[in-house]
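There's a structure below that I have some questions on.
Derivation of every value follows stated rules applied to the coordinates shown; laboratory data play no part. These numbers come from a predicted model, not from an experiment. Here Cβ is always computed from backbone atoms with ideal geometry, including for glycine, and neighbour counts include all displayed protein chains.
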Amino acid sequence: MELLFEKGGLIYMGKYMKNYKLRILASLLVINICLIFSACAQELSSVELTHKAWDALGKREYADAIRWADLCIEKYAEKAKEQQGSLSKFAPLGEEENFRILNDVGTSYFIKGEALRKQDKPQEAIRAYQAVIDAYGFAQCWSPRGWYWKVTEDSARKIKEIKEAGQKKQE
């Protein structure tokens, strides 16, 4: 048993106590980060969550990209399904912003698929891409190049690429 000694008004109990305190501090830090992340996410719009997912994907922070995409999906999926149900074709040119939540949720599934694909998780990526096709088929995403692209079309292309790559590996 180690003896307690006082140094500068603090009481120490040797290495064990220091390690114990470090573990407690680390645990509290992790809990605080999770709470902050969760609280911030609750206040963010679908646009902000999608931008954060894109940013994380661009930085190759794939776990964060998936986390932000999932938060957008969890928070806005029901509203996106309502918007999807109100359409019989893609939103007309100039009206795409009226379906912002649909566009962001569909795009979030696409981002999730991209992050999973880059993590070499092809089957999970296919499920994410397929969710766009099955539930958010009229989702569109604004390109910095100045136009909207159809998330379903790129999702279908990505699924095809993954399946072709899998066939080549088998050969």
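Of Lys52/Lys75; Lys81/Lys163; Lys75/Lys112, which ones are farther than 26 Å apart at the Cα?
Lys81/Lys163
Please give the contour-minus-distance gain from Asp120 to Trp147: 0.36 nm per residue of separation, less the Cα-Cα distance, rounded to one decimal in nm.
Details: separation 27, 0.36 × 27 = 9.72 nm, distance 2.98 nm.
Result for the pair: 6.7 nm of gain on full extension.
I would also like to ask the following. Give, in nm to one decimal, the length gained when the segment between Glu74 and Asp55 is fully stretched (0.36 nm per residue of separation minus the Cα-Cα distance).
Going from the current span to full extension adds 4.9 nm.
To continue, here is another question. Exactly which GluC sites (Glu not before Pro) in segment 83-161 are in a DSSP loop and have at most 12 other Cβ atoms within 10 Å?
Details: sites: Glu95, Glu96, Glu97, Glu114, Glu124, Glu153, Glu161; in loops: Glu95.
For GluC sites (Glu not before Pro) across segment 83-161 that sit outside H, G, I, E and B with at most 12 neighbouring Cβ atoms in 10 Å, the list reads Glu95.
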